[in-house]
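K.L.:
First the structure, then my questions, so here it is.
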Amino acid sequence: MPVVLVGMMGTGKTTVGRRLAPALNLPFFDSDAEIEAAAGMSVAELFEAHGEESFRDGEARVIKRLLEGPPHVLATGGGAVIHPDTRAEIKAKAVSIWLRADIETLVQRATRRDTRPLLRTSDPAATMARLVAEREPFYATADIHIDSQPGPHEQTVAIIIEKIAEFLRASGNEQSGDA
Ligand code: S3P
């Protein structure tokens with residue numbers, strides 16, 4: 001079953017996913033990287049050339065295609081969950097993990113490089129807070145919730161592996177009526 005990481009920009013989905021995949025013996029994909037490869041443009045260039053809506057359509061298509069394929073670990077872009085089809089695909093086909101962090105940490109990490117078009121505003125912290133408020137109800141439907149650890153990402157990876165095992169045990173028990 002695919003393992004899908006959701007959560008805001010700056011939670012470390014890509015870094016954590018890249019380390020989680022080999023630990024689970026699965027390949028790793030990043031939806032932003034897949035879109036960039038397909039379009040031959042960076043995410044920022046895509047937003048500029050075609051707008052957010054067109055990016056969201058491409059994002060939904062890429063995620064659908066990946067989830068129809070063999071098991072893998074997938075880091076999604078922070079806004080992927082606003083698309084209802086993407087939410088439905090993730091719910092139906094994957095174990096989903098919400099990586100959480102406080103606004104200050106998110107802003108600090110996400111603005112280190114100027115690659116995120118949505119944060120090119122006069123007040124990135126306010127923008128981040130607004131996006132978190134809009135999206136949290138969607139992130140919260142994920143199967144597993146994890147607070148991004150302040151220390152090395154290995155710590156977060158170890159916690160995720162434990163929680164996935166727990167989740168699979170619990171859902172297996174439910175199915176066999178042992179719960
Ligand atoms: C976005 C998050 C980005 C990228 C795009 C839009 C968002 O991905 O998809 O800049 O809407 O939150 P990361 O979450 O990997 O930064």
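Readers should treat all values here as calculations from the given coordinates under stated rules, not as data from a laboratory. These figures come from a predicted structure and were not determined experimentally. Positions of Cβ are generated from backbone atoms using ideal geometry, with glycine treated the same way; all protein chains shown enter the neighbour counts.
K.L.:
Using only Cα atoms, locate the centre of the stretch 1-71 and the centre of the stretch 145-174, then give the distance between them in Å, rounded to an integer.
P.N.:
Here the two parts' Cα centres lie 21 Å apart.
K.L.:
With a point put 7 Å past each Cα toward its Cβ, work out how far residue 44 is from residue 147 in nm, to one decimal.
P.N.:
Between residue 44 and residue 147, the simple spin-label model gives 3.3 nm.
K.L.:
Let me ask something else. For the stretch 50-109, what number results from the quotient of the Cα radius of gyration and 2.2 N^0.38 Å?
P.N.:
1.23
K.L.:
Right, something else. Could you check the simple spin-label distance between residue 112 and residue 162, using points 7 Å along Cα→Cβ, in nm with one decimal?
P.N.:
It is 2.5 nm.
K.L.:
Net charge near residue 73, counting Lys/Arg +1 and Asp/Glu -1 over other residues with Cβ under 12 Å of its Cβ?
P.N.:
Taking every Cβ under 12 Å from that of residue 73, the sum is +2.
K.L.:
So, one more: Based on the Cβ-Cβ distance of residue 24 and residue 169, what FRET efficiency does E = 1/(1 + (r/R0)^6) give at R0 = 22 Å, to the nearest 0.05?
P.N.:
My answer for the efficiency is 0.90.
K.L.:
Report, in debye and to the nearest 20, how large the dipole of the chain comes out about its Cα centre when Lys and Arg carry +1 and Asp and Glu carry -1 on their Cβ.
P.N.:
Dipole magnitude for the chain comes out near 200 debye.
K.L.:
Fewest to most neighbouring Cβ within 10 Å: what's the order for 63, 164?
P.N.:
Fewest-to-most ranking of 63, 164: 164, 63.
K.L.:
Just to verify a number: FRET efficiency for residue 91 and residue 134, C-beta to C-beta distance, R0 = 25 Å, to 0.05?
P.N.:
Taking R0 as 25 Å, the efficiency between residue 91 and residue 134 is 0.85.
K.L.:
May I ask what percent, to the nearest 5, of DSSP beta bridges between residues of the stretch 3-171 are antiparallel?
P.N.:
DSSP beta bridges in the stretch 3-171 are roughly 0 percent antiparallel.
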